[in-house]
Structures are given as C-alpha cells and as structure tokens.
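See structure below.
The values are calculated or read from the model by the stated rules, or taken from the named source; none is laboratory data. The shown structure was predicted, so the numbers you read here are calculated from the model rather than taken from an experiment. Neighbour counts are summed over all protein chains in view; Cβ atoms, including those assigned to glycine, are modelled from backbone coordinates with ideal geometry.
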Amino acid sequence: MNKAPIEMMKEVNTKQEQARYTRAFSGFWLNLWKGNPPGTFLLLVSLLTGLAMLVPLSYVFIRGIQGGVDRWLNLLDTRIPILLYNTLSLTIVVTFFAIVIGLSLAWLVIRTDLPGRKTWQWLLALPLLIPPYVGAITYIIIFGPRGWVRDWLGAPLFNIYDFWGVVFVLTMFTYPYVYLITSAALKRYNLNYEEAARAAGLSYRHVFIKAVFPLLRPAIGAGAILVALYVLSDFGLVAMMRYTTFTAAIYYQMGNYDQVAAAILSVVLILITLLFIWAEAKTREKQRFYQSKGTPRQAPLIELGWWKGPLLAYASIIFGLAVFVPLSVLAYWASVGLTEGVIDQRFWGFAWNSFYMAGMASLICMFLALPVVYMKSRNPSIVSTVVDKLAYAGYALPGVIVALGIIFLFNQYIPFLYGTAALVITAYVIRFLPQNMQAADAALSQVSPRLDEAARISGFRPWQVIVKVILPLVTPGLLAGGALVFVSAMKELPATLLLRPPGMDTLAVRIWVDASEGFYQTAAPAALLLILLSIIPLRWMLSKY
Amino acid sequence: MFDIELLSVTKKYAGTEKAAVQGLCLSVEKGQILTLLGPSGCGKTTTLRLIAGFERPDQGKITLRDRVVSHRDSWIPPEKRDIGMVFQDYALFPHLNVIDNVGFGYRGTDKKGRVQEVLQVVNLQGFEKRFPHELSGGQQQRVALARALARKPVVILLDEPFSNLDAELRVQMRVEVKEIIKDAGATAVFVTHDQKDALAISDRIVVMKDGVIQQSGTPREIYQYPETPFVATFVGQSNLLPGQIGDDGQSVITEIGQVPCNHTHNLARGEKCYISIRPDSLEVDPEGSIVGKVKQWTYTGESIDAVVDTVTQKGTNQELLVHIHPEKIVQQGEILRFKVLPNFVAVLRSDREFS
C-alpha cells in the first residue's frame with residue numbers, strides 16, 4: 001500500500017528531526033565531557049557509588065525537614081541551644097589547644113636542635129593509633145570517681161567528667177592532625193622567605209611572626225578543620241565521658257526510638273558541619289595562593305640553648321600523657337585479663353565479627369574507589385567532579401547520622417536486609433570510602449595518562465585499559481587504602497553500636513560496653529589488639545602528610 | 001595513494017578563544033615520513049592527537065588508508081584505528097618487561113616470532129626480560145618504536161620522540177629511527193619543534209603556526225626557499241630585507257644593493273617582496289658589493305657568527321647576521337666586504353604577514 005505523500009513527508013520530517021536531536025544530544029554529551037566521555041560501565045559504577053553515598057544522608061535531611069514546625073520549635077526552645085553551646089564550645093576550645101600543641105611540637109621537631117628530634121618526629125604522631133574512646137577509658141580508669149587516684153589518695157583530685165576533662169582527653173588524641181600537617185608544611189617551607197626576612201634585619205621572633213606563621217596558616221587551617229570535624233563527629237569519647245554534644249544526643253534519641261527528634265538534631269549538625277567544610281574550602285583557596293616551591297636545602301636548626309631542658313620536658317609530657325600513660329593502663333588491665341583467661345572463644349568471636357565486617361567493607365571500598373577516582377582523573381567534567389564530591393559526603397559527617405540514614409533507607413526500601421551485617425558494612429563503606437579514594441588518587445596520579453593512550457593505540461578498549469594497565473599499577477595504592485579502611489572500620493563505634501545485628505558485637509562495641517560497666521580486664525586486651533592492627537597502615541598514613 | 005588525509009579539520013578546546021587547529025588540510029603518501037614542525041602551541045601535537053583519535057575534531061574529515069575515521073557522524077575510537085605511536089615520554093608500561101611491552105596488544109598467533117622480529121629491527125635482542133627502568137633512554141626509545149611497529153600499523157605517529165635524549169644520542173637516534181621506519185615501509189607522522197630533527201628525518205615538512213599551515217615541502221625546499229618570513233626565521237637563521245624584483249627577473253633590489261637569486265616564485269618585475277639571506281650565503285670577498293663593519297662576533301668552533309653593520313643606500317643602518325669561516329681572524333670594528341651566494345637566497349611574497 002502506498003502511503004499518502006503527506007504522511008511520507010511527515011515520516012521523513014520526524015526522521016530528520018530525530019537525527020537532529022540525536023546529533024544535538026551527542027554534541028551536548030561530548031561538550032559536557034570536554035570531548036572525552038567515559039565508558040558506560042565506568043560511568044554507571046561511578047554514578048551509583050555517588051548516589052549510594054548521598055541517599056542515606058539526604059534521607060536524614062528530608063526526614064528532619066519533614067519533622068514539622070511544632071517539633072522544630074520545641075527542640076529549638078529546649079535542647080538545641082544547650083547542645084549548640086556544648087558542641088561549639090568544645091569544638092573551639094579543643095581546636096585551639098590542638099593548634100597550640102600541634103604547631104609547637106611540629107616546630108620543635110623540624111626546626112630546632114631538640115635532642116632526638118628524628119625519633120620525636122614519629123613518636124609524637126603515635127596518639128593517632130589510639131582510638132579516642134579508648135584514651136577516654138584509660139583516663140577514666142586513672143582519674144574517674146572510682147579510679148586509681150581515688151584509691152591512692154582517698155578522693156579523686158578533680159572531676160574528669162567536666163568540660164575541661166573532656167577538652168584535655170580530646171586534645172591529647174586529636175593534636176596529631178595539626179602536628180602532622182604543619183610538620184609537612186614546615187619541611188616544604190621555602191627557606192628563602194625566612195632568609196629574606198632575616199636579611200631585612202628582623203630578629204627570629206619577628207621572622208616567625210611575619211614570615212613563617214603567615215605561610216603556615218593554610219596548613220594550620222587544614223589541620224584545625226580536621227580536628228574540628230573530628231570533635232563534631234565524635235561519639236565514643238564524649239559519651240564515655242558523659243558530656244552531651246549533638247552526636248550523643250542523636251544517639252540517645254535513637255535509643256528512645258524518637259527518630260524524628262534524631263533527624264532534626266542531625267539536620268542542625270549537618271548544617272554546622274557544612275559550615276566548617278565551607279571554611280576549609282576557603283583555607284584551601286588560600287593554600288593554592290600561598291603554595292611555595294620547596295628548597296632541597298636542609299634548614300639550619302635553631303639552637304635552643306638553655307630552653308633545651310624545659311622544651312624536652314614539654315615534648316616528653318605530651319608523649320607521656322597521650323601515648324605512654326594510656327598504653328601502660330591498657331597493658332596493666334590486659335595482663336589482669338590474661339591471668340583471668342578472658343581471651344576465650346567469646347573474645348575471638350568478637351574479633352571475627354570485626355574482621356568480617358571491616359574486611360567486607362574494605363573489599364567493597366577497593367572495588368568502588370578506582371572507578372570514581374579514575375573517571376575524575378581521566379574524564380574530567382562537571383559530572384565526575386560532582387560524583388567525587390558526593391563520595392566524600394560520608395567522610396565529614398558523624399557516624400550516628402550515617403547510621404540514622406541507613407536505618408531509614410533499609411527500613412523503607414530494603415527491609416529484607418534489615419537486621420543483617422549489610423547495614424554495618426554499608427555504614428563503613430559510606431564513612432571510609434574516601435580514605436580508599438585518597439589512596440587510589442595518589443597512586444593514579446603517578447600513572448601518566450600517556451600510558452592509557454599507549455594502551456588504547458595498541459588496540460584495547462577503555463575497560464580493557466583499566467584491567468591491563470591501570471589495575472596492575474595502582475594495586476599497591478588500592479591495597480594501602482583498603483588497609484586504612486579496614487583499620488578505621490575495626491575501630492568504628494557509633495554506627496556499629498546502632499546498626500549491628502543481634503549477636504554481632506565487634507571488638508569496638510565490646511570495649512565500649514565492657515568499659516561502661518567497669519570490666520576493664522576484658523576491654524583492655526581488645527583495645528590493645530585494635531591499636532596493634534592500626535600500626536599496619538600507619539607508615540602509609542604518615543607519608544601522606 | 002595517501003595513507004593519511006585530513007580535510008579542513010578544525011579543533012577548538014573547550015574554554016579557549018582560538019582554535020588549536022584551524023581548517024587544516026594535510027595528506028601523507030604511503031611510506032612517507034612527514035614532520036609537523038612549529039613552536040609550542042602551534043597545533044602540531046593537537047593534529048597528531050586528532051589523527052590518533054585522542055581528540056575529536058569540531059569539523060572536517062580524517063581518513064586513514066581509505067577508511068574515514070572521523071567525520072560528522074562517524075567516529076572510530078583510537079583502539080580501532082590501527083595506529084602505532086611513540087610518545088614523548090615513551091609511555092612504556094612499567095609493570096611489563098620488554099617482550100610484553102612490545103607484544104602489548106598484538107593479536108596474531110605468531111606473537112613470539114613477531115616480537116623477536118621487531119626487536120631485531122630495533123637492535124634490542126638480549127634485552128627481552130628487562131623492565132623499562134632497567135633500560136637507558138635510547139633503549140627505551142627503541143622499545144617504544146618496536147611496540148609501535150609490532151602490529152604493522154597503517155601509520156606510525158611520533159610525538160617529540162627525541163626531546164628526552166641528550167644531544168649526542170639524539171643525532172644517532174635520528175638516523176636510526178629514520179632507517180627503521182623506512183625499512184619497515186611504514187608511513188609516519190612526526191611532531192617536533194626542533195628544526196634539526198625535522199630536516200634530518202623527514203621526506204616532507206609541514207611548518208605550522210597558530211593552528212595554520214605556513215608552508216609544506218621537502219626539507220630542502222623549506223630551508224632553501226622559505227615562503228613566509230616566519231618559516232625563514234623559524235627554520236634556521238636568516239636576514240630578512242624588504243625589496244622589489246629586479247628588471248632581469250633574477251634578482252631583488254634591496255636597500256643594500258641588488259641581490260641575485262635563483263628562485264623568485266614567478267613574481268613579476270618590480271613587484272614588492274622580501275628577501276631572505278641565510279648567514280651562510282654571505283661570503284667574505286674583497287670584491288663583494290656589500291660593505292659592513294663588524295659589530296660583534298662569537299667564535300663557535302664551526303664558524304664565526306658575526307653581526308655586521310651595513311649602511312643602506314638611504315643612509316640608515318642595517319644589521320646583517322653573517323657566518324664567517326672559522327680560520328679567518330676578525331676584529332671588532334673591522335670593515336669587511338661581502339658577496340651573496342645566490343643558492344641560499346629566497347624571495348618571500350610581501351603579502352604574507354611579517355611576524
């Protein structure tokens with residue numbers, strides 16, 4: 001049958017139009033990717049990863065907003081002002097002391113003739129190995145209401161549970177962030193500035209104020225933000241020391257099954273966190289501006305003279321308080337535990353739970369990190385940048401909020417997995433994937449894009465290039481990142497507490513529960529095991545800064 | 001028969017004002033070595049990457065041995081273009097030894113034999129088990145070349161392959177690479193900013209500037225008869241003088257006198273033009289017509305590079321760059337007479353922009 005001419009013309013028209021739309025779209029698509037779009041598989045994995053990172057958090061946000069005006073007003077009237085005061089004052093004071101201690105120690109070990117400075121350089125980074133809640137437990141053991149000091153003197157010297165107690169313990173275990181980053185900046189510092197300032201006739205005190213400190217400011221800022229974000233997100237330490245910040249309040253609301261209140265408090269905390277991250281982005285901008293070329297010259301060491309003794313004592317005291325004392329307390333209680341035979345079937349069961357869930361999370365992270373990082377590096381576009389940023393979302397946010405989002409999500413959409421280890425593993429992946437991504441990014445930056453092109457030209461498709469060239473070359477970095485994720489997941493507390501299925505207690509959970517009930521002899525061996533495991537990725541972590 | 005054809009290819013990078021390559025037309029005959037020569041940012045590397053398929057042109061058509069690889073609606077990705085490439089940093093896979101690098105991507109059943117064959121061609125037998133970091137720069141270069149040759153590609157692209165080599169090795173590798181490519185009967189496109197590389201290795205040279213072809217020709221044509229002031233000064237040194245074609249049609253009348261030249265681009269008598277005189281084509285001669293005072297001189301061993309001040313017919317000063325035979329002893333301020341050897345004098349059209 002012949003079609004009517006008009007119909008035929010219509011058909012031709014639509015075909016032409018379709019072709020035009022196809023061309024317009026492919027033009028748009030190419031433009032979006034600057035002429036270099038990624039393969040379908042790569043794009044899909046990356047997009048899904050970014051989405052998976054975002055969904056639980058946005059769910060918390062939506063739930064919080066939907067909480068209703070009444071609940072909001074009620075909370076704004078009662079709890080939020082106190083929580084804001086508690087959280088912000090703690091964050092600011094701890095960050096301040098962390099900067100003072102971190103910066104002074106960094107300067108001492110890098111730029112002065114402090115005896116044994118090479119050894120001090122890594123000794124003073126060791127507090128990073130000790131999970132802050134473990135540190136808190138050891139100080140409660142010493143100074144708590146039923147602690148050793150009371151046993152010796154008949155009464156505790158002071159109340160460890162008050163604001164300054166919390167500040168002290170938090171500072172001891174967070175100063176290494178500032179210390180490590182400023183040490184690295186001091187090592188890179190271009191001596192010419194300092195010499196130019198000295199040549200201009202300034203005394204060293206003025207040189208430091210006018211030429212060293214301003215150039216270190218971005219590094220100090222970066223370290224300070226890490227400390228601040230840690231304090232905002234910490235749950236184990238503040239809860240252990242009975243100090244209520246947002247995270248602790250959210251945790252207890254969830255314990256009371258008041259998820260709306262938990263979501264509302266989470267929204268406020270997310271906003272505060274975003275504010276801090278925004279501040280960090282600002283310091284980064286400046287960092288680019290200040291970026292200085294390093295000199296290969298060894299900086300002349302500043303002679304301390306008679307200050308040597310007092311400053312050596314200062315470094316020793318910090319090391320003692322942050323590393324030696326906690327480890328000694330743990331060693332004592334672990335030996336008590338060992339003689340009582342606490343390392344039994346049960347203990348290894350907890351260890352296996354930790355190992356299993358942390359191991360799964362680190363495997364998943366190793367698998368997901370490469371596509372996201374690879375796409376960002378090799379197919380730059382607004383899409384890959386957004387996916388990369390999304391993947392970092394879980395990093396900055398407290399574990400309790402991640403857990404809350406996961407509870408909402410699985411309850412609503414994946415109920416058959418509710419109450420399984422999948423929830424805990426998902427939380428670990430969301431929280432720690434960025435650690436793996438950083439490692440993968442560092443490894444990938446060593447691989448020239450020319451190698452990709454050489455492989456393409458040799459007849460391999462993009463996904464084959466990843467398998468045959470990229471993967472073999474970045475595997476060490478991926479594994480280092482995986483180890484980091486593994487250790488972080490082993491130590492993770494709040495999300496595990498909230499999400500663990502019945503009977504799936506981890507070492508971290510047992511440490512927390514046992515210590516809360518005063519069973520230090522069972523908590524201490526587990527804590528020592530975690531600290532020992534943390535040594536594995538430490539080498540890599542130190543070289544990162 | 002052309003192995004490579006580019007037809008009015010234009011490429012503009014996102015976020016830039018000017019096109020990196022503008023309306024480029026280029027064709028390379030089978031078995032030829034073509035060099036894209038130009039300063040950095042002239043679009044030569046972009047052209048190479050367009051041929052390889054690492055960049056997509058905004059307009060134009062690219063054909064590789066009768067197969068359209070890039071046109072408005074057709075696009076063939078790099079892995080299917082059948083191309084061999086030698087990268088500036090060689091891009092040898094650090095996790096593979098020489099055999100696996102050379103055989104990378106070789107699909108035939110005779111992989112082992114073919115790898116041995118190309119290793120013989122590049123003279124690298126005995127290095128099969130070494131890894132890239134265990135090889136010298138020249139050896140890495142040869143592995144990269146072997147890898148590019150192994151799959152018997154339609155064309156071989158070389159991106160500044162000599163820039164990472166020291167001067168002595170560079171001279172040696174120029175000869176070797178040319179021989180290897182010729183023996184393999186391959187068609188090659190080669191990118192460089194070094195005129196000596198280009199003159200030594202090419203059958204044809206294409207000089208580019210700002211994304212546009214300035215001149216294309218054999219090395220001799222490019223050096224002896226540059227068509228634009230840019231080519232004359234970029235490929236070798238030259239003295240550029242304005243003038244007009246003499247009445248005999250075999251010379252140019254300039255401010256320093258009438259200069260004979262063999263090649264005048266068929267410009268009409270009296271027509272305005274530029275003349276390019278290479279420093280080598282000015283010879284010290286007591287009978288010469290050009291008189292000048294030595295302003296400064298540098299002894300280089302191969303010659304004496306001198307700047308000579310001459311007085312033009314108008315009475316103004318004109319500096320000339322002259323290469324004097326190294327045996328001669330010159331003094332600053334000395335007055336010398338020169339004559340012009342007609343072979344290395346080129347007439348440039350004055351309608352081409354002076355740069």
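Here are some notes:
- Verdict on A:Leu186 being over 22 Å from the mean Cα position of the chain (by Cα), assigned by TED's automatic domain parsing to the domain that holds A:Glu303 and at pLDDT 75 or above: yes
- Any hit, the stretch B:309-318, residues being surrounded by 15 or more Cβ atoms within 10 Å (Cβ to Cβ), assigned to a loop (DSSP other than H, G, I, E, B) and either outside the structural domain of B:Leu241 (by TED's automatic domain parsing) or of a type in the set (Ser, Thr, Tyr) (or both): no
- Residue match in the stretch A:60-68 (condition: part of a loop (DSSP other than H, G, I, E, B), under 30 Å from A:Leu271 (Cα atoms), modelled with pLDDT of 80 or more and among the small types (Gly, Ala, Ser)): yes
- B:Lys129 being of a type in the set (Lys, Arg) and more than 20 Å from B:Ile83 (Cβ to Cβ): yes
- Residues of the stretch B:269-278 satisfying the condition of being farther than 11 Å from B:Val259 by Cα and crowded, with 20+ Cβ neighbours inside 10 Å: B:Cys273, B:Tyr274, B:Arg278
- Note on the stretch A:135-159: residues that are among the hydrophobic types (A, V, I, L, M, F, W, C) and either touching a Leu at 6+ places or on another chain (Cβ under 6 Å) or under 19 Å from A:Phe324 (Cα atoms) (or both) amount to 8.
- Within the stretch A:157-177, residues that are part of a helix (DSSP H, G or I) reach partners that are acidic (Asp, Glu) with beta carbons closer than 8 Å, at six or more positions or on different chains, in the pairs A:Leu170/A:Asp234.
- Residue within the stretch B:40-48 that is part of a loop (DSSP other than H, G, I, E, B) and surrounded by fewer than 21 Cβ atoms within 10 Å (Cβ to Cβ) present: yes
- Test: residue in the stretch B:174-185 that is over 26 Å from B:Glu55 (Cα atoms), in contact with a Gly (Cβ under 9 Å, 6 or more places away or on another chain) and of a type in the set (D, E, K, R): yes
- Considering the stretch A:489-515, and only residues there that are of a type in the set (Gly, Ala, Ser) and at pLDDT 90 or above, the residue that is nearest to A:Ala351 (Cα to Cα) turns out to be A:Ala508.
- Some residue of the stretch A:372-395 being assigned to a helix (DSSP H, G or I) and closer than 18 Å to A:Thr496 by Cα: yes
- Residues in the stretch A:416-463 that are over 24 Å from the mean Cα position of the chain (by Cα), surrounded by fewer than 19 Cβ atoms within 10 Å (Cβ to Cβ) and either of a type in the set (Gly, Ala, Ser) or within 20 Å of A:Met357 (Cβ to Cβ) (or both): 6 in all.
- B:Ile33 being touching a residue at least 60 places away in the same chain (Cβ under 8 Å), buried (at least 20 other Cβ atoms within 10 Å of the Cβ) and in contact with a Phe, Trp or Tyr (Cβ under 8 Å, 6 or more places away or on another chain): yes
- Hits in the stretch B:88-146 (condition: of a type outside the set (A, V, I, L, M) and under 28 Å from the mean Cα position of the chain (by Cα)): B:Gln88, B:Asp89, B:Tyr90, B:Asn123, B:Ser136, B:Gly137, B:Gly138, B:Gln139, B:Gln140, B:Gln141, B:Arg142
- Unmet requirement for A:Leu202, which otherwise passes all of (1) aliphatic (A, V, I, L, M); (2) outside any helix (DSSP H, G or I); (3) within 18 Å of the chain's Cα centre (by Cα): (3)
- Residue check, A:Leu533 in contact (Cβ under 8 Å) with a residue 60 or more places away in the chain and either within 19 Å of the chain's Cα centre (by Cα) or within 14 Å of another protein chain (Cβ to nearest Cβ) (or both): no
- Checking each residue in the stretch B:36-82 for being among the polar types (S, T, N, Q) and out of contact with any Phe, Trp or Tyr (no Cβ under 9 Å at 6 or more places or on another chain) picks out B:Ser40, B:Thr45, B:Thr47, B:Gln59, B:Ser70, B:Ser74.
- Reported count of residues in the stretch B:43-54, each being touching a strand residue (DSSP E or B) at 6+ places or on another chain (Cβ under 9 Å) and within 9 Å of chain A (Cβ to nearest Cβ), is 3.
- For the stretch A:335-371, a tally of residues being touching a Gly at 6+ places or on another chain (Cβ under 8 Å) and part of a helix (DSSP H, G or I) returns 5.
- Take the conditions (1) within 14 Å of chain B (Cβ to nearest Cβ); (2) in contact with a Gly (Cβ under 6 Å, 6 or more places away or on another chain); (3) not acidic (Asp, Glu); A:Leu493 misses just one of them, which is (1).
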